[in-house]
Amino acid sequence: MTTVLLTGFGPFGVHAENPSGLAVERVAEEWSRPPGTGLVTAVLPVSFARATAQVSGLMTHHRPDVVLGVGLAAGRERISLERVAVNLLDARIPDVDGAQPVDEPVLPGQPFARPATLPVKAARAALEAAGLPVELSLSAGSYVCNALMYAALAHAGEGVRAGFVHVPPADVLPVAEVARALGTILDTVLSTPVDVVVAGGREH
Ligand code: PCA
């Protein structure tokens, strides 16, 4: 049995709806992978404390083989496959609990950076082939999404693959297309044990 944990986020700040949570719900409704592949989904609150605790709890409970977090990046126009989570909280706006940590670690005493362990380059190629707008991103920021990605990677034991995707607002990329992208990413992860080696860096 292979288990996938897919998480999105609820509303925050000026965003009364969050396409990440809506797309995750849609993937759950439409999930029809072969028997033996289970999907667990959750829409998490945009709370540093509760989102990180909930993803750790879900991972302990369900023991997923793959963890994919999804969040809204209001300024981005493409599906952004995040490559690195940093051990840094620096919130421009308070979270939904009113917490606004500045220059604090996600997890004290842990490494400053953790790389995604999903095959991001194979996923980029698959999304391009599916006609979806995609880019690799070197930073998930320093808000709740980055904290969630960092916590998931820190909690992931040997052999568990974890990563994060930022998605554009719904007026840039409709929720149905985001859901299609998430399905494509998960199919790629499930069929790609080792990422492809193709250039993906940039100079800035
Ligand atoms: N986006 C925010 C938090 C929740 C979300 O969907 C972020 O990028 O950190």
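Conditions (1) open to solvent by less than 20 Å² (accessible area, probe 1.4 Å); (2) among the aliphatic types (A, V, I, L, M); (3) touching a His at 6+ places or on another chain (Cβ under 6 Å); (4) over 23 Å from residue 3 (Cβ atoms), marked per residue:
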| residue | (1), (2), (3), (4) |
| --- | --- |
| 137 | yes, no, no, yes |
| 143 | no, no, no, yes |
| 164 | yes, no, no, no |
| 171 | no, no, no, yes |
| 176 | no, yes, no, yes |
| 194 | no, yes, no, no |
| 198 | no, yes, no, yes |
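For (1) surrounded by fewer than 17 Cβ atoms within 10 Å (Cβ to Cβ); (2) within 14 Å of the chain's Cα centre (by Cα), each residue gets a yes or a no:
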| site | (1), (2) |
| --- | --- |
| 6 | no, yes |
| 18 | no, yes |
| 21 | no, yes |
| 38 | yes, no |
| 51 | no, yes |
| 72 | no, yes |
| 87 | no, no |
| 98 | yes, no |
| 112 | yes, no |
>> Among the listed residues 118, 132, identify the single one that is assigned to a loop (DSSP other than H, G, I, E, B), more than 15 Å from the ligand (Cβ to nearest atom) and surrounded by 24 or more Cβ atoms within 10 Å (Cβ to Cβ).
In response: 118
> From the set of residues in region 51-73 that are within 16 Å of the ligand (Cβ to nearest atom) and out of contact with any strand residue (DSSP E or B) (no Cβ under 7 Å at 6 or more places or on another chain), which is nearest to residue 13 (Cα to Cα)?
Replying inline: 52
>> Restricting to region 80-105, count the residues that are touching a strand residue (DSSP E or B) at 6+ places or on another chain (Cβ under 6 Å), closer than 14 Å to residue 140 by Cβ and among the aliphatic types (A, V, I, L, M).
In response: 5
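The values are calculated or read from the model by the stated rules, or taken from the named source; none is laboratory data. Predicted model only: the values in this text are computed from it and were never measured. Every residue, glycine as well, gets a Cβ built from its backbone with ideal geometry; the counts of neighbours run over all protein chains shown. The protein model used for the area step is the full one, side chains on, heavy atoms only, and it has no ligands, DNA or RNA in it. Shrake-Rupley method; radii C 1.70, N 1.55, O 1.52, S 1.80 Å.
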